[in-house]
Amino acid sequence: MPDDTSRARRDDQPEESRRARLGRTFDEDAELYDLARPGYPAELYEDLAEFAGAGPGCRLLEIGCGTGQATVPLAGRGCRITAVEAGPSMAAVARRNLDGAAGVEIVTADFESWPLPAEPFDVVLAATAFHWIDPAVRTAKAAEALRTDGALAVVRTQHVSGGTEEFFVEVQRCYERFDPETPPGVRPPRAADVDGSDHALEVERSGAFGPTEFRRHERDLTYATSEYLELLQTYSGHRALPETARNGLLECVASLIDGRYGGRVVKRCLIELAVSRRR
């Protein structure tokens, strides 16, 4: 685990050489993604309303909506939403989940090549998706999409220490056995060690935004063995493994949870919201 002076390894920093390929894996099983991925806590939506203006009547552009984990609650809060999703299967599930919601449009397109509408948005939101967008495009195009003083809101999540801590120490043996790219001795970082300055610096360098403001929340998520395996199968790194290695990893994880942890583990997550205002 990193010490107080080191920078914690983040879950949401894919290598640029693998970013596009890994990002496409989510569309392979959109139904499983919709079933297994957790939504976001109510406190996040309160923060989005207070600090980004994502309240009733706002025009909101969502980048990478997935199957609508954030879109559905925001539509329920009265936002008028245009959601852009690159994966056709993910977009289809999102349309189903938003069926009947007023003022919501789901667009199947890559954000990088999607033509922006003439009318600017009040909020541009990316919930656990900004890191999959081309870094040469994402911040500048988000700025172009916003009105003056509109808000770029980026939600990032990170597995942090807590919950069933010993399980996450022991399970690394499974990863080191079945995934040769696993660094030895990986441990979830403390929430206090998770650094969001990389995003703040990217936004600052664009010259289009004022200072970035952060809000953070931690929560514990409890999973039975089968639920945890379903969750793992929605992660890009797991999906990209060869089938034999992936199956071996899942069997190893299941055996550990059932054999040593009574068929249930708790994962602690950090949810970080970064809000930057358009100059």
- Taking the stretch 206-249 and keeping only residues that are in a strand (DSSP E or B) and within 18 Å of G163 (Cβ to Cβ), one is left with R216, H217, E218, R219, D220, L221, T222, Y223, A224
- Report yes if some residue within the stretch 141-161 is touching a residue at least 40 places away in the same chain (Cβ under 8 Å), out of contact with any Gly (no Cβ under 6 Å at 6 or more places or on another chain) and farther than 24 Å from L201 by Cα; otherwise report no. yes
- Only residues that are surrounded by 19 or more Cβ atoms within 10 Å (Cβ to Cβ), assigned to a helix (DSSP H, G or I) and not aliphatic (A, V, I, L, M): list them for the stretch 46-58, please. D47
- Query: Within the stretch 147-182, restricting attention to residues that are of a type in the set (S, T, Y) and under 19 Å from the mean Cα position of the chain (by Cα), which residue is nearest to Y261 (Cα to Cα)?
  - Reply: S161
- Message: Return the residues of the stretch 59-73 that are buried (at least 24 other Cβ atoms within 10 Å of the Cβ) and of a type in the set (D, E, K, R); say none if nothing qualifies.
- Response: E62
- Note on the structure: Pairs returned, first residue in the stretch 51-79 that is touching a residue at least 12 places away in the same chain (Cβ under 8 Å) and under 12 Å from L125 (Cβ atoms), second residue that is hydroxyl-bearing (S, T, Y) and assigned to a loop (DSSP other than H, G, I, E, B), beta-carbon separation under 7 angstrom, 6 or more apart or interchain, are Q69/Y40; A70/Y40
- What are the residues in the stretch 144-203 that are assigned to a helix (DSSP H, G or I), of a type in the set (D, E), touching a helix residue (DSSP H, G or I) at 6+ places or on another chain (Cβ under 8 Å) and under 25 Å from L232 (Cβ atoms), if any? E170
- So which residues in the stretch 134-155 are among the hydrophobic types (A, V, I, L, M, F, W, C) and surrounded by 18 or more Cβ atoms within 10 Å (Cβ to Cβ), if there are any at all? A142, A143, A145, L146, A151, L152, A153, V154, V155
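Residue by residue, here is whether (1) modelled with pLDDT of 95 or more; (2) under 16 Å from R268 (Cα atoms) holds:
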residue: K141; (1), (2): yes, no
residue: T164; (1), (2): yes, yes
residue: G185; (1), (2): no, no
residue: H199; (1), (2): yes, no
- Message: Quick check on the stretch 2-23. Is at least one of its residues acidic (D, E), in contact with a Ser or Thr (Cβ under 9 Å, 6 or more places away or on another chain) and modelled with pLDDT under 95?
- Response: yes
- Show the residue pairs that are 6+ apart or on different chains and have beta-carbon atoms under 6 Å apart, the first residue being within the stretch 87-110 and more than 16 Å from E62 (Cα to Cα) and surrounded by 13 or more Cβ atoms within 10 Å (Cβ to Cβ), the second being modelled with pLDDT under 95 and not hydroxyl-bearing (S, T, Y). S89/D27
- Consider only pairs whose beta carbons are under 7 Å apart and that are at least six residues apart or on different chains; among these, list those whose first residue lies in the stretch 20-33 and is at negative phi and in a helix (DSSP H, G or I) and whose second residue is modelled with pLDDT of 90 or more and among the acidic types (D, E). L32/E230
- Query: Is it the case that G185 is under 22 Å from the mean Cα position of the chain (by Cα) and surrounded by fewer than 18 Cβ atoms within 10 Å (Cβ to Cβ)?
  - Reply: no
- Item | Selected residue [within 25 Å of V266 (Cα to Cα) and buried (at least 19 other Cβ atoms within 10 Å of the Cβ)] from Q158, Q172 | Q158
- Filtered residue count, the stretch 250-279, keeping only those that are β-branched (V, I, T), crowded, with 17+ Cβ neighbours inside 10 Å and assigned to a strand (DSSP E or B): 3
- Message: I'm told Y40 meets every condition in (1) closer than 16 Å to V124 by Cβ; (2) touching a Ser or Thr at 6+ places or on another chain (Cβ under 9 Å); (3) not basic (K, R) except one. Can you identify the failing condition by its number?
- Response: (1)
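The values are calculated or read from the model by the stated rules, or taken from the named source; none is laboratory data. This is a predicted model, so every value here is computed, not measured. Neighbour counts are summed over all protein chains in view; Cβ atoms, including those assigned to glycine, are modelled from backbone coordinates with ideal geometry.
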